[in-house]
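J.: This is the structure I have questions about; it appears just below.
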Amino acid sequence: MINSKLPNIETSIFAKMSKMAADHNALNLSQGFPNFPSDPALNALVDQAMSDGYNQYAPMPGDFGLRMEISKKIETLHDRFYNPETEITITAGATQAIFTIIAATISKGDEVIIFTPAYDCYAPTVELFGGKIVPIQLKPPFYSVDWQQVADMISSKTKMIIINSPHNPSGMLFSKEDMLELQDLAEKNDLLVLSDEVYEHIIFDGNVHQSASKFEALAERSFVTASFGKTFHNTGWKMGYCAAPENLMKEFQKVHQFVVFCVNHPIQKALATYLKDENHYLKLSNFYQQKRDFFLHLMEGSNFKIVPSKGTYFQMLDFSEISTENDIAFAERLTKKHKIATIPTSVFNEGRKDFKQIRVCFAKTDETLAEAAKILREL
């Protein structure tokens, strides 16, 4: 017999809703993946790398050329130099980076503060290594952080704070003031920070991404994670990276080498070349803002209450004027009866608190978004 280390963990809501979408032939706006192709030029670079023979193990920290390009990108955007030799590691997606960070740093009894609604890998991974989650619930419509509440929740056992900006599922952004508050608390209480920045290049309305890398004292105690899959429309490639000061990265790599050792070599070679053109990521915000605005324009006159997303490729829809159902029942009915799959957001909240909101992904073709909006407007 096996005594489960995660006895209360169920199949993820993403897998459930995607399966339900397939079973009921519904439009799938649930799981966060684009339904349009990655750049053929990037695909060709992968093909070329395979033809050139990069089909065996990559170096454990990742292809050095790719690490150099990541270092240049971060220094250009955030004025922080990460040594590509010792402070950057290429990972099998950001989720593997997050798992490895927690595995390397969290021990039995350590407390980790997270902000809910939270991406669903944070809490189980902390619990897997004997840590305790201390959730702080953010509230609609703006999901802003009360930093005095955060300060009050810090104890002698607090080891880490996990942040996610741009924030999935709410679409909120941490401001410069938020990051300075975080930096102050982390310094005063000697805390580590895990900064999940997978939507770093998807920021709207002229806002600027406030990376943990931008703030000197914060960067010295932070692991920063990012995702090429989110940035370049190929989530199935599962490619990401982690950047951290050398003393933290040493601990990260001790675990990383036994989790995956290294990740896909030809894709790393391709990305190293692709990143040399900064337009491949700098134009992403405009690309997705057009999709957000297109979808919101189509949703005008609907019975949903909507606060436009400030980042990510997700939009929250408040259905409180449409139904008194809980959000899970509402999302299931939408999928089965109305043929559109979304994500109920209570599953990400402390105690599954239901704010009558669903999350939709607008990383879709205009045709898909138009069809989805037509269904939603009729509710």
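J.: Condition first: of a type in the set (A, V, I, L, M, F, W, C), in contact (Cβ under 8 Å) with a residue 40 or more places away in the chain and assigned to a helix (DSSP H, G or I). Now tell me which residues in region 15-33 satisfy that.
T.: M17, M20, A21
J.: Does at least one position in region 323-333 carry a residue that is of a type in the set (V, I, T) and part of a strand (DSSP E or B)?
T.: No - not one qualifying residue is present in region 323-333.
J.: Output the number of the condition that K356 fails; it satisfies all remaining conditions of (1) in contact (Cβ under 8 Å) with a residue 24 or more places away in the chain; (2) of a type outside the set (S, T, Y); (3) on the phi < 0 side of the Ramachandran plot.
T.: Single failed check for K356: (3).
J.: Let me confirm something: among I154, I133, I163, which residue is under 30 Å from Q289 (Cβ atoms) and of a type outside the set (D, E)?
T.: Just one listed residue meets the conditions, I163.
J.: Yes or no: T125 over 20 Å from A97 (Cα atoms) and hydroxyl-bearing (S, T, Y)?
T.: It is false that T125 is over 20 Å from A97 (Cα atoms) and hydroxyl-bearing (S, T, Y).
J.: Let me ask something else about it. Just checking, does region 289-304 include any residue being within 30 Å of D63 (Cα to Cα) and either surrounded by 16 or more Cβ atoms within 10 Å (Cβ to Cβ) or modelled with pLDDT of 95 or more (or both)?
T.: No, region 289-304 contains no residue that is within 30 Å of D63 (Cα to Cα) and either surrounded by 16 or more Cβ atoms within 10 Å (Cβ to Cβ) or modelled with pLDDT of 95 or more (or both).
J.: Shifting gears a bit: Which of the numbered conditions does P37 fail, given that it passes all the others? Conditions: (1) loosely packed, with under 15 Cβ neighbours inside 10 Å; (2) at pLDDT 95 or above.
T.: (2)
J.: For region 141-177, give me each residue that is assigned to a loop (DSSP other than H, G, I, E, B), surrounded by fewer than 19 Cβ atoms within 10 Å (Cβ to Cβ) and in contact with a Lys or Arg (Cβ under 9 Å, 6 or more places away or on another chain).
T.: Passing the criteria: P141, I154, K157.
J.: Please find, among F258, F232, the residue that is surrounded by fewer than 19 Cβ atoms within 10 Å (Cβ to Cβ), modelled with pLDDT of 95 or more and of a type in the set (A, V, I, L, M, F, W, C).
T.: F258
J.: Moving on to the next point. I'm told A118 meets every condition in (1) part of a loop (DSSP other than H, G, I, E, B); (2) of a type in the set (A, V, I, L, M, F, W, C); (3) more than 19 Å from the chain's Cα centre (by Cα); (4) surrounded by 18 or more Cβ atoms within 10 Å (Cβ to Cβ) except one. Can you identify the failing condition by its number?
T.: Exception for A118: condition (3).
J.: I need the full set of residues from region 45-61 which are closer than 16 Å to V263 by Cα and not in a helix (DSSP H, G or I), in order please.
T.: Matches in region 45-61: G53, Y54, N55, Q56, Y57, A58, P59, M60, P61.
J.: Please count how many residues of region 182-217 are assigned to a loop (DSSP other than H, G, I, E, B) and among the β-branched types (V, I, T).
T.: Here the count works out to 3.
J.: Also, quick follow-up: Under 7 Å between Cβ atoms, which residue pairs at least 6 apart in sequence (or on different chains) link something in region 34-54 that is in contact (Cβ under 8 Å) with a residue 60 or more places away in the chain with a partner that is aromatic (F, W, Y) and not in a loop (DSSP other than H, G, I, E, B)?
T.: Listed pairs, sorted by first residue: L42/Y274; L45/Y274.
The values are calculated or read from the model by the stated rules, or taken from the named source; none is laboratory data. Since the model is a prediction, treat every value here as computed from it, not as a measurement. Here the Cβ is made from the backbone with ideal geometry for all residues, glycine too, and neighbour counts use every protein chain on show.
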